[in-house]
1. Only one residue in Leu24, Leu34 is in contact with a strand residue (DSSP E or B) (Cβ under 6 Å, 6 or more places away or on another chain), free of Cβ contacts under 8 Å to residues at least 24 places away in the same chain and aliphatic (A, V, I, L, M). Which one?
2. Six or more apart or on different chains, Cβ under 7 Å: which pairs go from a residue in region 38-58 that's under 14 Å from Phe21 (Cβ atoms) to one that's assigned to a helix (DSSP H, G or I) and at pLDDT 95 or above? Could you list them?
3. Residue by residue through region 25-59, note down the ones that are within 18 Å of Asp77 (Cβ to Cβ) and of a type in the set (A, V, I, L, M).
4. Quick check on my filter: what residues within region 63-101 are assigned to a helix (DSSP H, G or I) and surrounded by 15 or more Cβ atoms within 10 Å (Cβ to Cβ)?
5. Kindly evaluate Glu60 against the criterion of being of a type outside the set (A, V, I, L, M), under 30 Å from Leu97 (Cα atoms) and not in a helix (DSSP H, G or I).
6. Considering only residues that are over 20 Å from Ala86 (Cα atoms) and either hydroxyl-bearing (Ser, Thr, Tyr) or in a helix (DSSP H, G or I) (or both), which ones fall in region 1-13?
7. Checking Ala86 against (1) of a type outside the set (Lys, Arg); (2) in contact with a strand residue (DSSP E or B) (Cβ under 9 Å, 6 or more places away or on another chain); (3) free of Cβ contacts under 8 Å to residues at least 40 places away in the same chain, which single condition isn't satisfied?
8. Name the single residue that is nearest to the chain's Cα centre (by Cα) among those in region 46-91 being closer than 23 Å to Ala10 by Cβ and among the charged types (D, E, K, R).
Amino acid sequence: MTEPTLWCAALSREEDASLWFGGLGREQNYKGYLAPANLEMAMDGFNRQLLESARARGVEAFDLSAQVPKPLSVFYDDAHFTNEGARVVAGKIYEYLKFHQNGSNGRKYRVSVPGGSYADISG
């Protein structure tokens with residue numbers, strides 16, 4: 001599952017003031033912060049790599065980041081959800097799982113199991 005964040009190039013002052021991550025240097029002694037647009041670009045790259053890796057391995061991955069809106073009603077900081085945000089995320093995950101439950105889509109899935117191997121299950 002990809003990771004949604006508040007980061008984007010055009011944050012309001014209130015949104016920008018809510019950010020905690022992206023410090024440059026040692027914690028408690030930051031020399032500055034990465035711009036939200038750079039953080040967004042890095043997280044987009046991480047999420048894209050996650051989806052590509054899952055696809056290459058035949059493992060299903062849900063692109064949650066593409067489903068979650070970015071306002072402060074959803075996030076209280078860079079990547080943590082408000083109560084409303086948790087409801088939004090739970091609803092998106094529920095809808096995704098509902099579609100994929102009980103073999104209704106007839107697909108087989110490969111899931112990671114402890115020890116670094118995979119198991120095939122019906123979806």
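1. On the way: Leu34 fails: in contact with a strand residue (DSSP E or B) (Cβ under 6 Å, 6 or more places away or on another chain).
Leu24 is the lone residue from the list that is in contact with a strand residue (DSSP E or B) (Cβ under 6 Å, 6 or more places away or on another chain), free of Cβ contacts under 8 Å to residues at least 24 places away in the same chain and aliphatic (A, V, I, L, M).
2. none
3. Correct list: Leu34, Ala35, Ala37, Leu39, Ala42, Met43.
4. Across region 63-101, the qualifying residues are Leu64, Ser65, Gln67, Gly85, Val88, Val89, Lys92, Tyr96.
5. yes
6. Across region 1-13, the qualifying residues are Ser12, Arg13.
7. (2)
8. Step by step, filter region 46-91, then rank; the result is Asp63.
The values are calculated or read from the model by the stated rules, or taken from the named source; none is laboratory data. Predicted model, so just to flag it, every value in this text is computed and none were measured. With ideal geometry, Cβ positions are generated from the backbone for all residues, glycine too; neighbour counts draw on all protein chains shown.
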